[in-house]
Every structure is written in structure tokens, then in C-alpha cells.
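The values are calculated or read from the model by the stated rules, or taken from the named source; none is laboratory data. None of these values were measured; they are calculated from a predicted model. FYI the Cβ positions are ideal-geometry reconstructions off the backbone, even for glycines, and counts take in every protein chain you see.
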Amino acid sequence: MNDERRDTTELLAVRGSHVLDVESGELSDRNVVVIRDSQVLSVEATVPAGARLIDLGDSILMPGLIDAHTHILLHGNKGAEEARYQLMEEYPAHRIAHAVQAMRIALDNGFTTIRDLGSEGVGYADVALRDAVAEGVIEGPRMLVAGPALSSTGTYPVQRYRPDWTFPAGVQVVDGADACRRAVREQISYGADWIKVYTNSGAGRQLNADGYIDSPPNWTAEELSAIVSEAHSRGTKVAAHATSDIGLDMALAAGVDSIEHGYSIRPAAARLMAERGVYLSPTMLAADYVIEHRARERGPIWQAIRDVQARTLRNCLDAGVKIAFGTDVGGFPWTEFNQVEEMPFLERIGMSAIDILRSATTVAAELLGLAGEVGTLKPGASADIIAVNGDPRSNLTRLASIDFVMRAGQVVRSPRAY
């Protein structure tokens, strides 16, 4: 890695063998990305006169990746014990130190933009870390953050401890429509980019007769509508953790912008999502990571999650739902898996390699309100570039071994100094 900060006004050229145009899905012979002021100026066939050259040889250049569902302030959440430790014992500063490490890992994995969905009991530490990156205090991906997620009384850890004791919660607990509106206003005032809401808890309690998941809701329709309408009135989008029929149905009725995890989505609900432009971030790697432990801890319904989630995602693909790449990393340790290991799960369900690459670039950028700014190498976009040894369209696992990452025109990972 080269930590030296370069003059962003200089003309810079990054050359590979080809540039992958994720929009068209084609490799371009215009293999030189020209950069000025941290933005892509053009994509050319030759190096412009006077440009400082970064020559990456046979590598294929493509836009930096986007992970639309992360938790930088978690470092594993397989079961109750890990959650209890991080919420109730681990010092907040220690969790922030882990978060700084996570941000570095995200960059090294080629993820130059992330949406972090819930600080999990550390207040607005994610807002502070986002701002520290923007100020150049620490290195990390561009971040959109949600602060503390919202849930209602008795629906999120920590639960079932002595009632005369008060414990920290992993969410902001609110009840009643007025309190919900007030919480949204407060979170936006403290700098949240998104509102994250838990519309149901866990994976549900039982399977319906046709094999989908049911569970109790976390809110009344009035409460959830208050959260979404208040956020939207202030230009802020809402992400809904929805892992059961009732959680999904209430989220869609309230008008949320994205469904997170979405373990249980019937064909009719998938069609409604597509019609309304509601995105899905499936997070299949994280589900696979926790299933066996949670089946032992919380019940056999977790054993059914793989099959239900696979059927759900096929329903969404058939309906034309927009899939935004998200891993829920932090739910599994940042140090244990590369985020791109989510991609083979999507491929096995039936997504093509180029659609998976789009889900982690252009589609995720649209969801984040950053279309044209990130997830592309078109003129005017941020100069976020990764270099891949070989064509990722034919083998997505090539993305697990990238060694060059540029964010906003700055080299943040490289085998040599430039």
C-alpha cells in the first residue's frame, strides 16, 4: 500500500489490458482510464501527453465494488453469546478499533463504497467514522450509514435479563407513531444517511404450509408508516430488515426502499417489489454462516433457511427485482471471509456473472443514490478502480485476489508504490 497523498490536480492515467464496461458487459479496447481531480476524465485507447502513468500490465480494470449491507462495528454475530459480549462487555473504543480494521479490509477487498446498516449499540460511531474517512483522518471506503437501527420494545437483543436492570440495546427502541417520527428526525439530525428498521425479529418462528416463513411483526402499520413517511419527507431512504412474510408485507405496504435479507418472498410479493422499484439485498453468505449455530440455539426453522432463501431469490429474479449486492459482513467476522465470497451463492441461484458484477456496481449505486458517481468508469464518476488478474465474467473468484485498488484517485492498495 502507498499512503503518500498525491496532487489530485495532476493528470493521471491508469492502463490495463482492457476496461470492463459493466453497463454493456463488454471488455473495451479503450484500456486507459484518465483521471483528474479524483474523477474519471475519460477512457482512452492511448495515454495522454503529460499524464503520469500507472501501468497495470495484463490486468482488467473495472469500477470499485459496492457492498450495500455491512456492519463495520460488528466482528461476528453467529449467536447470542457474540451479541451479548459486543453489546455488554466490549469497550466501545475497542469496537471502533475493530471498525477501523474492517474499513481497511473492505478497501483491500476492492469495496470502495459501502452502506453500513446499523451501529449495533455504538450510537453514531458509524457517522463519526464516515466523516473521518471523508476528512482524510483514516483510510476507508466511501460510506453511507444508518446510525442505530430502529426496533420496538422486546424485539431485539439484549432480552430476558433481570427486569430491574438496564442494559444497552443494539438498536434505538421506540414505540408509538409519534415516537417513531421523533426518532427518525433525531437520527437524521445526527447525520444518518439511511434509516434502518427491523420489521420482524429473527428468521421467524414457523414455516407456513407452503414452506415460507411466518413471524410476529415488530410494529403496527401506523408506526411503520410513520417511520417511512417521516424519512421520505426529509429525503432519506429506508432499509427494512425483513425475513418473514409479515415483515416483508408490512415493509412493502409502508413504502420502504430496500429489503434486507428477505428470506421469505413469495412470487406475488416479488412482483410487487419489482413494480415499486424496491431493491433486495440478499446476504446469503451471512445466512449460511449462522444457520447451523442458530438452529441449535433458536430452533429448527433455521435449518430451512437455505432452501427458503434460494426459492425466494429465484422468485425475485423471475419477477425482475433489482438485486443490490450486500454481504452483511460483521454478521460473520471481517477477517474470516472475503466479501466477494457472496458472489458464488448468487451464481448458484441463477444470476449471471455480469449481473452479479452489476449488482455490486451500477445497481448498488442506483440504490444508494450515487448512480453515475460510483460503480462505473464513465466520465465524471469518482476514480474508484480495481485491477483483476483475468476476466471476472468467466470466473468471479478472480475478484478474491485483486492487488490494486484506487479510491477517488488515490492508490490505497498496490504491490508497488506509484
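For the stretch 293-316, which residues satisfy the criterion of being without any contact (Cβ under 8 Å) to a residue 60 or more places away in the chain and either under 20 Å from A80 (Cβ atoms) or charged (D, E, K, R) (or both)?
Hits for the stretch 293-316 are A295, R296, P300, Q303, R306, R314.
Note down all Cβ pairs under 7 Å where the first residue falls in the stretch 277-292 and is outside the structural domain of A242 (by TED's automatic domain parsing) and surrounded by fewer than 24 Cβ atoms within 10 Å (Cβ to Cβ), the second is assigned to a loop (DSSP other than H, G, I, E, B) and not aliphatic (A, V, I, L, M), and they're at least six residues apart or on different chains.
none
Determine which member of the set R271, R306, R296 is modelled with pLDDT of 95 or more, over 18 Å from T155 (Cβ atoms) and surrounded by fewer than 24 Cβ atoms within 10 Å (Cβ to Cβ).
R271 is the lone residue from the list that is modelled with pLDDT of 95 or more, over 18 Å from T155 (Cβ atoms) and surrounded by fewer than 24 Cβ atoms within 10 Å (Cβ to Cβ).
Go through (1) under 26 Å from V100 (Cα atoms); (2) in contact (Cβ under 8 Å) with a residue 24 or more places away in the chain; (3) not in a loop (DSSP other than H, G, I, E, B) for E186 and report which single condition fails.
(2)
Any residue at all in the stretch 192-204 that is more than 20 Å from the chain's Cα centre (by Cα) and surrounded by fewer than 24 Cβ atoms within 10 Å (Cβ to Cβ)?
No, because not a single residue in the stretch 192-204 is more than 20 Å from the chain's Cα centre (by Cα) and surrounded by fewer than 24 Cβ atoms within 10 Å (Cβ to Cβ).
Got a sec? Which of I114, I72 is touching a Pro at 6+ places or on another chain (Cβ under 7 Å) and under 21 Å from I195 (Cα atoms)?
Testing whether each residue is touching a Pro at 6+ places or on another chain (Cβ under 7 Å) and under 21 Å from I195 (Cα atoms) leaves just I114.
Restricting the search to the stretch 113-154, which residues are buried (at least 21 other Cβ atoms within 10 Å of the Cβ) and over 21 Å from G331 (Cβ atoms)?
Listed by number, the residues that qualify are R142, S152.
Yes/no per residue for (1) over 21 Å from L367 (Cβ atoms); (2) buried (at least 21 other Cβ atoms within 10 Å of the Cβ); (3) modelled with pLDDT under 95:
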position: E10; (1), (2), (3): yes, no, yes
position: V33; (1), (2), (3): yes, yes, no
position: Q39; (1), (2), (3): yes, no, no
position: R52; (1), (2), (3): yes, no, no
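Name the residues in the stretch 244-264 that are in a helix (DSSP H, G or I) and not aliphatic (A, V, I, L, M), would you?
Passing the criteria: D245, G247, D249.
Name the residue, out of G57, G76, that is of a type in the set (G, A, S), closer than 30 Å to R160 by Cβ and in a loop (DSSP other than H, G, I, E, B).
It is G76.
With respect to the numbered conditions (1) buried (at least 20 other Cβ atoms within 10 Å of the Cβ); (2) in contact (Cβ under 8 Å) with a residue 40 or more places away in the chain, which one is the sole condition not fulfilled by I259?
Against the list (1) buried (at least 20 other Cβ atoms within 10 Å of the Cβ); (2) in contact (Cβ under 8 Å) with a residue 40 or more places away in the chain, I259 comes up short only on (2).
Which numbered condition trips up H71, out of (1) out of contact with any Ser or Thr (no Cβ under 7 Å at 6 or more places or on another chain); (2) farther than 23 Å from K378 by Cβ; (3) exposed (fewer than 14 other Cβ atoms within 10 Å of the Cβ)?
Only one criterion is unmet by H71, namely (3).
Kindly provide the set of residues from the stretch 100-139 that are assigned to a loop (DSSP other than H, G, I, E, B), free of Cβ contacts under 8 Å to residues at least 60 places away in the same chain and under 21 Å from R413 (Cβ atoms), ordered by number.
E135, V137, I138
Condition check ((1) at pLDDT 95 or above; (2) in the same structural domain as Y289 (by TED's automatic domain parsing)) across all residues:
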| site | (1), (2) |
| --- | --- |
| D21 | yes, no |
| S24 | yes, no |
| A49 | yes, no |
| L87 | no, yes |
| I114 | yes, yes |
| L117 | yes, yes |
| D126 | yes, yes |
| L129 | yes, yes |
| A134 | yes, yes |
